[in-house]
Amino acid sequence: MQRTVFDKDHEAFRETVRAFLEAEVVPVYDQWYEQGIAPRDFYYKLGELGVFGIEVPEEFGGAGIESFKFQAILIEECARAAVSLGGSGVHVGLCLPYILNLATQEQKQRWLPGFVSGETMFAIAMTEPGTGSDLAGMRTTAKLSADGTHYVLNGSKTFITGGVLADRVIVCARTAAPAEGDRRHGISLFAVDTKSAGYTVGRKLDKLGLKVSDTAELNFTDVQVPVEDLLGEEHKGFSYLGQNLPQERASIAVGAYAQAKAAIRFAKEYTRQRNVFGQPVASFQNTKFELAA
Ligand SMILES: Cc1cc2nc3c(=O)[nH]c(=O)nc-3n(C[C@H](O)[C@H](O)[C@H](O)COP(=O)(O)OP(=O)(O)OC[C@H]3O[C@@H](n4cnc5c(N)ncnc54)[C@H](O)[C@@H]3O)c2cc1C
C-alpha cells in the first residue's frame, strides 16, 4: 500500500534517522540492552540530530514545525532497526505538549533550550504505587508554604519512564482535597528539578520488554518546589492530563503498527535463511508474508 502522508522533507528526515541509528545505536544496542538503560550522553547526540527540537518554536532553539509526522518517522525507524531510544520518547512525545501548552514565556525560556539540546531531559510522573488508571486517587501532596514562595512535595511515584536519568520531572500532586462531587479537582502539575533536596530515585524496574527504557520509582520527602515551577493553573492538573494523553496514545498506535511490520520483516528474513532446525533452506525464500511499502 502506498502512503501519501509523508513528503520529500519527511523522507529526507527518515534517511537521516536511519543512517544515525545504523551508525550510533545498532552497534552498541546489545550493551544498552544488557545494562537496561541508554547512556546519558546519548541524549546529547539526539539533541544534536535535532529530534528534540522539531516542534519547539524557533525562539527557543527549535525548528518550529507543528507536526507529529517526524515523531512518527522516528518511531517507525526505531522499530525497523529493532531498537528503542531510552526515555527520549517520553521527553518529546509526552512532556513537550505540556510545556508548549502550559508553560509561561519565562518557563519556556528557562526549560526549552535545554530540552532541545538534551541537557534537560524531562519525564512525567502520574502513577503511584496504589494509583494507576484511577489518577484522581493519587496521594502525593504539594502544600503551599506559609510565605507562598514554594510548595512542599511529599509522596512517591512508580513506573516512571526516563525516571533514572531525568533532569526535570512533571510531577502530578494534590494541592487540595477533592471537591464534593468532583474527585478530579485539586491536582496540580509541577516541573520538579530532580537535583532538589529530598528528591530520590528508587529502584530501576526490571521489565519484560522495553529493556532500554529506564523505568523508575521516585520518592519525595519535603521537596521544596519553587512556585515558579508550577505548570499551568493550580488544581487544574487532571484536565491537563486528559488533554495531553491522546498524543501518547497516537505514539503507541504508530509504534504498534511499526513493530508488527518489523516483526513480519524479521520473520521473513529469518525464514529466508533457516528452517526450524536452524539449517539454511533455499525454498523458504518465497514466503507468504507481504510487506507494506
Ligand atoms: C513500561 C511502562 C512505562 C510507564 N511509564 C509511565 C510514566 O512515564 N509515567 C507514569 O506516570 N506512568 C507510567 N506507567 C504507568 C502506567 O501509566 C500505568 O501502568 C497505567 O496507568 C495502569 O495503572 P496500573 O498499572 O496501576 O494498573 P491498574 O490501574 O491497577 O489496572 C489494572 C487492570 O485493571 C483494569 N482496570 C482498571 N480500572 C478499571 C475499571 N474502572 N474498569 C475496568 N477495568 C479497569 C486496567 O485496564 C488494567 O487492565 C508506565 C507503565 C509501564 C508498564
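The values are calculated or read from the model by the stated rules, or taken from the named source; none is laboratory data. As the structure is a computational prediction, the values presented were derived from the model and not from experiment. Don't worry about glycine lacking a Cβ; one is built from the backbone with ideal geometry, like all the others, and counts go over all protein chains shown. In case anyone asks, the SASA skips ligands and DNA or RNA and just uses the protein heavy atoms, side chains included. Shrake-Rupley method; radii C 1.70, N 1.55, O 1.52, S 1.80 Å.
The single condition among (1) closer than 20 Å to Tyr240 by Cβ; (2) out of contact with any Cys (no Cβ under 6 Å at 6 or more places or on another chain) that Lys204 does not meet is (1). Scan the range 198-231 for residues that are small (Gly, Ala, Ser) and within 16 Å of the chain's Cα centre (by Cα) and the total you get is 3. Considering each residue of the range 158-166 in turn, at least one proves to be part of a loop (DSSP other than H, G, I, E, B), in contact with a Ser or Thr (Cβ under 6 Å, 6 or more places away or on another chain) and within 15 Å of the ligand (Cβ to nearest atom). Would you say Val116 is more than 16 Å from the ligand (Cβ to nearest atom) and more than 16 Å from the chain's Cα centre (by Cα)? Taking the combined requirement at face value, the residue does not satisfy it. Evaluate the following for Ala177: is it of a type in the set (Gly, Ala, Ser), open to solvent by 40 Å² or more (accessible area, probe 1.4 Å) and in the same structural domain as Lys108 (by TED's automatic domain parsing)? Judged against the criteria, Ala177 is not a match. Whether any residue in the range 215-237 is free of Cβ contacts under 8 Å to residues at least 60 places away in the same chain and within 12 Å of the ligand (Cβ to nearest atom) is what I want to check. For the range 215-237, residues free of Cβ contacts under 8 Å to residues at least 60 places away in the same chain and within 12 Å of the ligand (Cβ to nearest atom): present.
Taking every residue in the range 1-21 that is open to solvent by 60 Å² or more (accessible area, probe 1.4 Å) and pairing it with any residue that is in a helix (DSSP H, G or I), at least 6 positions away or on another chain, the pairs with Cβ-Cβ distances below 8 Å are Val5/Lys69; Thr16/Leu49; Arg18/Glu77; Arg18/Arg80; Arg18/Ala81. Restricting the range 30-56 to residues that are at pLDDT 95 or above and among the aromatic types (Phe, Trp, Tyr) leaves a set whose member that is farthest from Asn101 (Cα to Cα) is Trp32. Restricted to the range 1-87, the set of helices (runs of 4 or more DSSP H) holding at least 3 residues that are farther than 24 Å from Arg168 by Cβ comprises 8-20, 29-35, 69-81.
Let's see how each residue does on (1) within 16 Å of the ligand (Cβ to nearest atom); (2) buried (at least 21 other Cβ atoms within 10 Å of the Cβ):
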{"site": "Gly89", "(1), (2)": "yes, yes"}
{"site": "Cys95", "(1), (2)": "yes, yes"}
{"site": "Gln107", "(1), (2)": "no, no"}
{"site": "Ala123", "(1), (2)": "yes, yes"}
{"site": "Thr131", "(1), (2)": "yes, no"}
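Residue count for the range 119-144 under the criterion of being closer than 15 Å to Ile187 by Cα and within 17 Å of the chain's Cα centre (by Cα): the result is 4.
Scanning the range 201-236 for residues that are open to solvent by 20 Å² or more (accessible area, probe 1.4 Å), among the charged types (D, E, K, R) and within 19 Å of Pro39 (Cβ to Cβ) yields a count of 4. Listed conditions (1) within 11 Å of the ligand (Cβ to nearest atom); (2) open to solvent by 20 Å² or more (accessible area, probe 1.4 Å) are all met by Asp147, apart from (1). If you go through the range 133-144 and keep only what is surrounded by 15 or more Cβ atoms within 10 Å (Cβ to Cβ) and near the ligand (Cβ under 7 Å from one of its atoms), you end up with nothing.
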